[in-house]
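Each remark here refers to the structure printed beneath this line.
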Amino acid sequence: MRQRTQVAIIGAGPAGLLLSQLLSKAGIDCTLLERKDRAYVEGRIRAGVLEQGTVDLLREAGVAARLDAEGLPHDGFRLALDGESFRVDMRHLTGGKSVTVYGQTEVTKDLIEAHVARGAALVFEAEEVALHEIDGKAPYVTYEKDGQAHRLDCDFIAGCDGYHGIARRSIPAEVLKSFERVYPFGWLGILADVPPCDHELIYANHERGFALASMRSTTRSRYYVQVAMEEKLEDWPDERLWDELALRLGEHAPHITRGPALEKSIAPLRSFVAEPMRWGQLFLAGDAAHIVPPTGAKGLNLAASDVGLLAEALTAHYRGDDAGIEHYSARALARVWKAERFSWWFTSLTHRFPEMDGFSRRMQMAELAYIRESEAARRVVAENYVGLPLHPSG
Ligand SMILES: Cc1cc2nc3c(=O)[nH]c(=O)nc-3n(C[C@H](O)[C@H](O)[C@H](O)COP(=O)(O)OP(=O)(O)OC[C@H]3O[C@@H](n4cnc5c(N)ncnc54)[C@H](O)[C@@H]3O)c2cc1C
């Protein structure tokens, strides 16, 4: 089977789905190839905090009706040290900006529904996807579906296939530079149908380790505690996890409602960037090019901002202007590195590292005290948390 499209997109995570939606709106033909089935993709529990820019892009893509109805706008969040917290008022500090709590699962469902509604070319369970001739003018993608071999000729390939995908690995090793920091701990997360302990997120630095109180809706909570990477899920029955959260969340503990876990998992924390994000006719976007520790809630948002830039660049190309595709890698990386810095810094500020001595702990405490007391320091945190602009001025 041989077909043709303008842009072949690999991976139906948030990056691939949103890119396909934006390109289709601009009248550009694309085909989306996804390795897993629809139920698997829609059921993956991951991020939940959307920056203003991500919400704006989802609106532009015409998929924000449910987000606007059900998303929870958040004007601030809390930072806690050894159980006592203070508020970072994002709206006040950033001249009116905020974030929206809306699960990645819901973003994915909305995007897939929009694809199905417009009869888009979205192939689930595409196996053995391989990229060919990416450094020439006539790239193509091969894959298998239901035992049949397919070839998809295209102008461009968008590698939106996540950290473990094949797109990044299709770039020659001598061209690709990788930068990585692996953290010596993970996040044990619990999702439960109980009301959250606060209407805003609480990031807690505690002697026993980091904790995060988060939510997906007014009736569904998402909590995390920092654990050593060697910890086993079976050693964390729900009650032990709720007890640990209560200890680390201190003054907020009386407001925690306990309930059975809908999902529980341990996720590793990693910072990773691959450069460049373009090679020939291949563009990388989202986790395929970079990973952040989830502390700053940037993973999904970076995927969206890459795709925003890439959709602009490809749309301009089909109108005769190649500046966007020429500069895509540099522009995307400039924003990626700033989000990497914020996520790394926020992780360093709030987590307990195995090698930490009394001095490093006092440095964390002093920095948190400074943020609490200084509006200028809180503004820096807020500006990064709500998301830096896609096109910075100056
Ligand atoms: C456990 C976990 C928890 C997270 N929690 C948070 C959080 O709290 N906050 C936050 O901001 N971010 C979080 N993230 C990160 C966030 O979810 C990602 O940044 C986001 O999903 C990136 O979207 P993406 O589309 O780039 O990649 P992905 O969502 O990974 O999508 C890639 C897609 O490509 C498909 N694919 C892979 N290989 C192939 C192939 N060879 N052929 C075809 N398809 C392929 C995959 O099946 C997948 O559907 C979390 C991530 C994980 C793993």
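Okay, here's what the table says:
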read-out	value
Solvent-accessible ranking of 90, 356, 229, largest area first, probe 1.4 Å	229, 356, 90
With Cα atoms, 0 to 90° folded angle of helix 375-386 axis to the chain main axis	40 degrees
Cβ charges +1 (Lys, Arg) and -1 (Asp, Glu), total dipole of the stretch 211-263, debye	360 debye
Spacing of the two label points (7 Å from each Cα toward its C-beta) at residue 91 and residue 132, in nm	5.6 nm
Shape of the stretch 35-174, Cα gyration tensor, a/c cut at 1.5	prolate
The chain, helix-only ellipticity at 222 nm - DSSP H runs n ≥ 4, -39,500 (n - 2.57), divided by all residues, nearest 500	-11000 deg cm²/dmol
Accessible-area order (highest first, 1.4 angstrom probe) of the listed residues 151, 361	151, 361
GNM top mover of 298, 264, 232 - the chain, alpha-carbon springs below 10 Å	232
Under Karplus coefficients 6.51, -1.76 and 1.60, residue-wise ³J(HN,Hα) of the stretch 36-53 in Hz, glycine/proline x	8, 8, 4, 4, 5, 5, 6, x, 6, 7, 9, 6, x, 10, 9, 5, 3, x
Length released on extending from residue 219 to residue 263, taking residue separation times 0.36 nm less the Cα-Cα span	14.3 nm
Mean accessible surface per residue for the chain, computed with a 1.4 Å probe while every protein chain stays in place, in Å²	43 Å²
Using a Förster distance of 41 Å, the FRET efficiency for residue 146-residue 270 (Cβ separation, nearest 0.05)	0.70
Beta bridges by DSSP in the chain, antiparallel share as percent, to the nearest 5	70 percent
Mean Cα-pair separation over length for the chain, i.e. relative contact order, pairs under 8 Å, 6 or more apart, %	21 percent
Radius of gyration, Dmax [the stretch 218-275; alpha carbons; angstrom]	13.8, 47
Cβ-placed point charges (K, R +1; D, E -1), dipole of the chain about Cα centre in debye, nearest 20	400 debye
Separation of the residue 82 and residue 357 label points, Cα + 7 Å toward Cβ, nm	2.0 nm
Selected from 364, 148, 52 as most flexible by GNM, with the chain as the system and alpha-carbon contacts under 10 Å	148
Ranked by how many other beta carbons lie within 10 Å on average, peptides 188-194, 266-272 from highest	188-194, 266-272
Under-5 Å amide H pairs with residue 74, H placed in peptide plane, nonlocal only	99, 100, 101
Among 182, 141, 123: highest mean-square fluctuation, GNM of the chain, C-alpha pairs under 10 Å	182
Surface accessible to a 1.4 Å probe, residue 46 within the full protein complex, Å²	120 Å²
Area accessible to solvent at residue 363, 1.4 Å probe radius, in Å²	100 Å²
Heavy atoms of residue 145 accessible to a 1.4 Å probe, total area in Å² rounded to 10	50 Å²
Whole-percent carbon and sulfur share, accessible surface of the chain, 1.4 Å	51 percent
Over 25 Å between alpha carbons, listed pairs 109/137; 137/338; 109/298; 36/109; 36/264; 97/298	109/137; 137/338
Two-site FRET efficiency, residue 251 against residue 177, from Cβ-Cβ distance with R₀ of 45 Å, rounded to 0.05	0.50
Residues with amide H under 5 Å from that of residue 265, placed H, sequence gap 5 or more	189
Cβ-based charge dipole, the chain, positive-most Cα from 332, 138, 233	332
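The values are calculated or read from the model by the stated rules, or taken from the named source; none is laboratory data. The structure displayed is predicted, hence computed values, not measured ones. Glycine gets a Cβ as well: all are built from the backbone with ideal geometry, and neighbour counts include every protein chain shown. The accessibility values were calculated without ligands, DNA or RNA, using every heavy atom of the protein model including side chains. Shrake-Rupley method; radii C 1.70, N 1.55, O 1.52, S 1.80 Å.
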